[in-house]
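All remarks here apply to the structure that follows.
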Amino acid sequence: MIPIKKISISALLLFFFLGCGTPKTQNIEEASKSYKDIQGIKLSIVQKLNDEEDRPVTEKIALFHQLKKESPNLYDFKNEDELTMFGYSALWAGNVKDAISIFKLIVSEFPGSANAYDSLGEAYLADGQKDLSISNYQKSLELNPDNFNAEDYIERILHPEIKIATPNEKFVKVYDQSVYIADLEQMGKKLAEVHPNVFKFISKEQFWQLIKEKQSEITPRTTFGQFAWMCSEIISSVKCSHTSMESFFRESEMMPVSMHFPIQTRWVNDQLFVINPLNNKDIINIKDEITHINGVPVKEMMSEVYKHIISQGQVQTTKKHAFNTWFSCIIPYALNFPQEFEVSIKGKTKPIKLKEAAERRHIYDDPSIKPCPDYLCLEIIEQDKIAYMTIGSFNYYPWNNLETFKKFIDSSFTEINENKIQNLVIDVRMNGGGSRESSIYLLKHLVSKPFTYYSRVEYPGKSGMVDGETPEAPFDHRFKGKLFFIIDGLGNSTTGQFMSIVKALNLGTIIGEELGSNQFCSAGQTTCRLSNTKLVFHVANNTHVTSATELPDEKGILPDHYVTQNIDDYLNRVDVVRNFTLHLVKQSK
């Protein structure tokens with residue numbers, strides 16, 4: 001299986017993978033190799049294999065063995081996670097035979113790894129070789145009896161006639177009270193066992209007291225849906241963006257459409273506005289402010305809602321954005337699944353009864369922000385001599401597509417230099433994170449002196465130092481003009497690490513709202529499942545801290561200019577943060 005088990009692509013984007021990058025030019029690369037060899041830092045073997053893109057997989061594997069024999073201290077041959085992702089990149093591209101070959105290599109290199117056999121079992125299944133798939137899944141289970149993924153696949157292969165409960169059936173299922181209580185206890189123990197910083201933002205006493213409170217709320221009529229809402233509060237209490245129940249995607253899928261909140265809303269500056277009445281447009285207007293839902297004051301409801309939304313430390317902006325995406329399912333969960341909804345509108349004397357929802361709608365994008373389809377965009381505003389660079393993701397890894405990121409960055413700065421641009425805006429809004437390699441590579445185009453990216457990196461099985469733990473030198477062709485950075489509460493994981501270096505080195509002016517993350521990152525994910533209810537959740541399993549240790553761990557990176565949109569900005573699709581930034585740039589000339 002992939003190192004973070006079977007989770008969605010959205011959860012995969014939040015994972016802080018381990019790996020090693022390579023500098024830009026050949027001369028720099030050779031010097032870097034020598035320096036890193038002295039420091040005990042090894043280069044990425046997957047990066048090397050990817051560089052040989054024209055070779056068939058059999059030759060790549062032969063090269064792996066050759067380099068392991070000839071240069072055992074130059075490349076990192078022990079990074080199982082990176083090799084596993086190398087295999088999955090082949091599998092996801094439809095190259096099943098290549099994936100099988102790579103996973104067989106991993107099994108031979110890591111014969112005690114349950115994950116290696118699980119991945120090989122998956123590849124064989126994709127190839128239609130069920131017997132080999134079962135045998136590898138069984139071997140994985142022998143090595144790790146808690147591997148529920150292997151257990152499930154063996155069951156599905158051997159008994160395809162067994163019907164799996166639908167999400168809607170799961171939602172209304174009622175388990176025995178003792179089952180719920182036992183699973184809550186198991187969740188607490190698993191969080192404490194796996195998460196290296198579980199008690200950083202909540203005391204051990206408070207954590208277990210919360211679990212006891214949830215256990216006391218269990219009744220003979222508690223449904224799985226209600227239980228999931230309780231679990232989300234426990235997960236959220238850890239205050240870690242890498243520890244989650246996969247946002248509210250599954251909760252939304254479980255709940256019948258008719259139970260969803262039937263109008264689209266937006267939580268802005270502690271007010272809840274209607275942005276689309278949907279099938280209630282004959283009784284509700286756009287921009288109506290909702291003050292109560294089913295008699296509950298909105299601010300009181302939101303206080304409860306925020307307890308169930310994950311974020312880093314005490315950051316609130318992340319919670320706001322999460323609510324504005326998943327409001328249609330969060331509101332029913334917070335109000336214990338009412339059969340109908342009644343809203344009070346500011347300025348109107350009587351509550352309004354809403355028609356039930358006819359469709360499930362979530363809002364993933366802000367229409368006021370100019371889209372960047374490929375996550376990486378550069379715009380040259382000629383008349384003002386401003387470059388506007390959008391970095392919508394750092395999700396570029398040595399095992400897959402890091403070169404795509406490097407080529408974009410290199411070509412962008414070439415164009416910026418050719419146009420003699422002296423003002424550069426870097427927009428990292430909605431950037432959920434990604435690899436350290438991409439973050440470091442961009443920083444080396446911006447800094448004026450060597451910097452150390454990490455102050456601390458801890459993860460199971462770590463041996464030696466990784467990229468970022470020793471000084472990184474700026475590129476000779478670095479940008480030397482004025483820098484401006486735009487941030488928001490959706491900037492998580494690596495984005496927080498990137499911006500922490502920006503903040504600590506005072507690289508430029510920061511505009512927007514509090515970032516969703518900072519220099520302290522409990523990264524990675526171990527996927528866990530409760531024994532009885534089968535509820536799945538993901539737990540951070542390693543620690544990455546940048547050198548910006550003087551910044552507070554409980555807060556996101558703070559802007560120099562706090563700018564956020566009001567409801568009119570949103571409805572009129574005005575990107576007020578971009579506009580403010582461009583105006584600020586012009587003033588600074």
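The values are calculated or read from the model by the stated rules, or taken from the named source; none is laboratory data. Predicted model, so just to flag it, every value in this text is computed and none were measured. Positions of Cβ are generated from backbone atoms using ideal geometry, with glycine treated the same way; all protein chains shown enter the neighbour counts.
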For Lys462, are the conditions met, namely being at pLDDT 95 or above, loosely packed, with under 15 Cβ neighbours inside 10 Å and not aromatic (Phe, Trp, Tyr)? no
Residue pairs, Cβ under 6 Å, 6 or more apart or interchain, first in the range 539-554 and of a type in the set (A, V, I, L, M), second surrounded by fewer than 16 Cβ atoms within 10 Å (Cβ to Cβ). List them. Val545/Ser455; Val545/Arg456
Filter the range 268-300 down to the residues that are within 17 Å of Gln316 (Cα to Cα) and surrounded by fewer than 18 Cβ atoms within 10 Å (Cβ to Cβ) and list them by number. Asn269, Asp270, Gln271, Lys299, Glu300
Does any residue in the range 144-169 that is closer than 19 Å to Gly128 by Cβ and at pLDDT 90 or above come within less than 9 Å, Cβ to Cβ, of a residue that is β-branched (Val, Ile, Thr) and surrounded by 14 or more Cβ atoms within 10 Å (Cβ to Cβ) six or more places away or on a different chain, and which pairs are these? Tyr153/Ile134; Ile154/Ile134; Ile157/Ile134; Leu158/Ile134
Looking at the range 392-401, is at least one residue within 22 Å of the chain's Cα centre (by Cα), free of Cβ contacts under 8 Å to residues at least 12 places away in the same chain and more than 21 Å from Arg478 (Cα to Cα)? yes
Suppose we keep only residues that are within 26 Å of the chain's Cα centre (by Cα) and of a type in the set (A, V, I, L, M) within the range 143-191. Which one would you say is nearest to Leu120 (Cα to Cα)? Ala150
Subset of the range 89-131, residues in a helix (DSSP H, G or I) and over 20 Å from Leu141 (Cα atoms), comes to Ser89, Ala90, Leu91, Trp92, Val96, Lys97, Asp98, Ala99, Ser101, Ile102
Which condition from (1) farther than 30 Å from Gln519 by Cβ; (2) part of a loop (DSSP other than H, G, I, E, B); (3) without any contact (Cβ under 8 Å) to a residue 40 or more places away in the chain; (4) among the hydrophobic types (A, V, I, L, M, F, W, C) is the one that Ile202 breaks? (1)
